[in-house]
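Readers should treat all values here as calculations from the given coordinates under stated rules, not as data from a laboratory. Computed from a prediction, not measured in an experiment: that's the story for all the values here. With ideal geometry, Cβ positions are generated from the backbone for all residues, glycine too; neighbour counts draw on all protein chains shown.
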Amino acid sequence: MTGQKVSDVPRQTARKEVGEPPESLCSMLRELRSRHGLSQYDLAGQLNDASGNSSITREDISRWERGKRIPGPYWRKWLCAVLDLPQQDVDLAAAVARCTRRA
């Protein structure tokens, strides 16, 4: 895999400035993946390695980033581990994405 090791990047937070609306998971994932220097293939590989479950592909990452799908609790937990994010921020971003999709 190419890109920076996640452990080399300072802990991130999904939250924006105080008073700004919470960010959707799709835009948050795209931004954080880029900030970590990871391709969609790299992120999928790191999720597969961390979880021991090889079912995630680059196409899944793309669907998440485009808002076509929202990762469930199982994959959100692994996204937190791989991208070093607080679970609360990722769950809030998933809820925002869910609301946005319904609107």
Exercise for the section: Filter the helices (runs of 4 or more DSSP H) completely within the range 17-72 down to those with at least 1 residues that are surrounded by 14 or more Cβ atoms within 10 Å (Cβ to Cβ) and in contact (Cβ under 8 Å) with a residue 60 or more places away in the chain. Expected result: 25-35
Exercise for the section: Specify the residue that is nearest to the chain's Cα centre (by Cα); the eligible residues are those in the range 66-103 that are among the basic types (Lys, Arg) and more than 16 Å from Ile56 (Cα to Cα). Expected result: Arg98
